[in-house]
Amino acid sequence: MQNLSLKASLFRRSLRAARRFAYCRGVCYPSSGPVPLSSDADNEVLVEGKAHSRTSILNRPSNLNALNTPMGVRLQKLYRCWEDNPDIGFVLMKGRGRAFCAGGDIVTLYHLLSKGSIEDCKEFFRELYPFIYLLGTYLKPHVALLNGITMGGGGGVSIPGMFRVATDKTVFATPETLIGFHPDAGASFYLSHLPGHLGEYLALTGETLSGAEMFACGLATHYSLGTRLPQIEEHLGKLVTDDPSVIEASLAKFGDIVSPDNMSVLRRMETLDRCFGHDTVEEIIDALETEAIKTDHAWCASTLKRLREVSPLSLKVSLRSIQEGRYQTIDQCLVREYRMSLQGISGHISNDFCEGVRARMVDRDFTPKWDPPSLDRVSTDMVDQYFSRLSESEPELELPTKQREAFA
């Protein structure tokens, strides 16, 4: 998904340029172990320093390392500082505990919205999305160790980077339609560039992929058993390099041979493309029903069941988002997703986001009452409004596209 040779060329050119390095004590750590600072945000993103690299550690294990606004702010600050430091050759990211990152802290957003604090919710997206763009245009090699749950925004803070290492513990998904939302944090960009119509399938159903499946479809660049990660980190910590090819070779050295099992969705791509390659959700469902009659395959039945459980509005919005993302750059996807996210949390069109989070994460009754309750009640105007600005006075998401051009 990233043009490696182009990134390497731009990176080396950036190092030759006379860039002023602003060293900030307490941000660009020279230390060898995880270093917390004084504030909660500093403790939620730890830093581990090696001679020629830095590792950001997402540190909210009890919340599956779910992202919040202070974490977005801190990640931006750290990554800008590290990019400007000529003594740092590359950067890693990992999560503490059984998750890499389960996405955004949607329960906190739910409670903020319940109190009427929509501006605080907007700030979350305003801070997270620019970090994703920073990562997607980063001039230094970036390695994300996706050991454990990697969902929603967890993909956003890893997949746009250069290297992604999946393991036997990795569980990936973009499950936003289950909570009345849409795949965001750059998902409409990277999902739309997957083979065939796999992106539409993942976006609409929220189904999971294993680490082996992530590697097979290109979401991960490498695959290693989780037990090898300490060796990988130790080896990378000794490197003195800024060369992506050296890092790539190092990761490959610890790679394991793996392929998706016989039950994997990747084994039925022909059927998937036949069903999910349509322009509308209704046509996708019709195709699945036809396929189910012809083949009597359990996959068709389970997929139909899932599509009937999630938010009808989210289905239509998410399909259009992936379709548009296929022809947009990452910055264009993020700007559009920002509009969509503000519409989703505002409740102007539907309260599905709050209802979905309530049913799945707060009350846990798993019986959301979607509004509209069915696909035929979702109008074209509703979907169109979802892609428009919240109001004429609402600022667009600002990304530094003139200073940081997105890579092809």
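The values are calculated or read from the model by the stated rules, or taken from the named source; none is laboratory data. Note that the structure is a prediction, hence the values are computed from the model and not measured. Every residue, glycine among them, receives a Cβ derived from its backbone with ideal geometry; neighbour counts consider all protein chains shown. Quick note on the areas: whole protein, heavy atoms, side chains included, nothing else; ligands and nucleic acids left out. Shrake-Rupley method; radii C 1.70, N 1.55, O 1.52, S 1.80 Å.
Annotations for the structure displayed:
- The residues listed here are ILE257, ILE285, ILE247, ILE322; of these, the one that is modelled with pLDDT under 95 and of a type in the set (Val, Ile, Thr) is ILE257.
- Restricted to the stretch 354-390, and to residues there that are touching a His at 6+ places or on another chain (Cβ under 9 Å) and more than 18 Å from ILE179 (Cβ to Cβ), the residue that is surrounded by the fewest Cβ atoms within 10 Å (Cβ to Cβ) is GLN385.
- No other residue among GLU213, GLU200, GLU283 is open to solvent by 50 Å² or more (accessible area, probe 1.4 Å), among the acidic types (Asp, Glu) and not in a loop (DSSP other than H, G, I, E, B) apart from GLU283.
- Residues that are closer than 18 Å to THR174 by Cα, out of contact with any strand residue (DSSP E or B) (no Cβ under 6 Å at 6 or more places or on another chain), in contact (Cβ under 8 Å) with a residue 40 or more places away in the chain and charged (D, E, K, R) do not occur anywhere in the stretch 397-404.
- Any hit, the stretch 220-239, residues being under 30 Å from LEU304 (Cβ atoms), within 22 Å of the chain's Cα centre (by Cα), assigned to a loop (DSSP other than H, G, I, E, B) and at pLDDT 95 or above: yes
- The single condition among (1) farther than 23 Å from THR174 by Cα; (2) not in a helix (DSSP H, G or I) that ASP376 does not meet is (2).
- Entirely in the stretch 41-160, the strands (runs of 3 or more DSSP E) that have 1 or more residues that are open to solvent by less than 10 Å² (accessible area, probe 1.4 Å) and either within 22 Å of PRO395 (Cβ to Cβ) or hydrophobic (A, V, I, L, M, F, W, C) (or both): 45-49, 53-58, 90-95, 99-101, 142-146
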